[in-house]
Amino acid sequence: MCPNIEDLNLNDCKKLTDTTCLALSRHCPKLQKLNLDSCASITDFSLKFLSEGCPLLTHINISWCSNITEDGVEALARGCPKLKSFISKGCKQITSKAVICLARYCEHLEVVNLLGCSNIRDEAVQTLAERCSQLHYLCISGCLHLTDASLIALAHHCLKLSTLEVAGCVQFTDAAFQALSKNCRYLEKMDLDECVLITDTTLTNLAMGCPRLEYLVRYLDILNAIFIISCVHADFISL
């Protein structure tokens, strides 16, 4: 092993097991960035090993590691309080409890991607917003149980938010996006695809309240005209 490793990309190394993370824990105390995307055999044990031997970890990607649960995330959060980036796309066993634990122990989080983590509820996003004020990138696309309460919490506490992806969050309404448009003036990129309850009111509010907005995905073509007129510098993508 190389004890000075700081950044390790193991993306799509499907045959890796928890033994790898045990070795990293024992021999790589300087590790800061680790990508385990699509390492499907990785389990909670890997995160527990990392929490014990890699306290300097700032970035981790466990996307599509379907065996990861709240137990592993909780251990990671307790042992790696310097985390700034947590990416867990497609980890369906990650729950609100896991996200709340992350927020409590890793207050320096700036990037969080929970795409497809469908067990997440409002209390998780609310705690994340309240405790991680440096958050500037958040993806909660496919988190179907979230309501306006999540976006309103972000609007009140995460004023540095620049990228917000909420595709498929079917319970969000104009009221929540109005709160965002009033407070989150650094927003540059948004994905609202399949947010079926929003109307042209949301796009008007975003155009008026978020002058840096450059990229917006929205499904309904009927809304194109009003947004382009209101925000001529935006790249509006209609899928």
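The numbers here are math on the coordinates, done by the rules we state, and not lab data. Just so it is clear, the structure is predicted and the values come from calculations on it, not from any experiment. Cβ placement follows ideal geometry from the backbone for every residue including glycine, while neighbour counts extend to all protein chains displayed.
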With n ≥ 4 as the cut-off for DSSP H runs, can you work out [θ] at 222 nm for the chain, using -39500 (n - 2.57) per run divided by the number of residues, rounded to the nearest 500? -10500 deg cm²/dmol
Simple label model, 7 Å out from Cα along Cβ direction - Val196 to Ser41, nm: 4.1 nm
So, over other residues within a Cβ distance under 15 Å of Ala103, counting Lys, Arg +1 and Asp, Glu -1, the net charge is 0
How many angstrom lie between the C-alpha centres of the range 66-82 and the range 91-111? 8 Å
Going by C-beta contacts inside 10 Å, put Val166, Val112 in order with the fewest on the left. Val112, Val166
Which far-off residues, 5 or more places away or on another chain, put their amide H under 5 Å from the one on Leu34, with H placed in the peptide plane? Leu8, His59, Ile60, Asn61
Once the Cα atoms of helix 96-105 and of the chain are each reduced to a long axis, what angle between those two axes, in degrees from 0 to 90 to the nearest 10, is obtained? 70 degrees
Calculate the dipole size of the range 32-238 relative to its Cα centre from +1 charges on Lys and Arg beta carbons and -1 charges on Asp and Glu beta carbons; express the result in debye to the nearest 20. 560 debye
Percent relative contact order of the chain, based on C-alpha pairs within less than 8 angstrom and at least six residues apart? 10 percent
Proxy exposure order for Leu187, Leu22 (fewest C-beta within 10 Å first) is Leu22, Leu187
Can you work out ³J(HN,Hα) from phi for every residue in the range 200-217, in order, using Karplus 6.51 cos²θ - 1.76 cosθ + 1.60 and θ = phi - 60°, giving whole Hz and x for Gly and Pro? 5, 4, 4, 5, 5, 5, 5, 5, 7, x, 10, x, 8, 4, 10, 9, 9, 10
Starting with the fewest neighbours, write out Thr19, Thr95 ranked by other beta-carbon atoms found within 10 Å of each beta-carbon. Thr19, Thr95
What distance in nm separates the two pseudo spin-label positions at Lys82 and Asp12, each 7 Å out from Cα along the beta-carbon direction? 3.0 nm
Note, the range 44-55: 3J(HN,Hα) by Karplus (6.51, -1.76, 1.60, θ = phi - 60°), whole Hz, Gly/Pro = x, goes 4, 4, 4, 5, 5, 4, 4, 5, 8, x, 10, x
As computed over the chain, the Cα convex hull volume per residue (Å³): 103 Å³
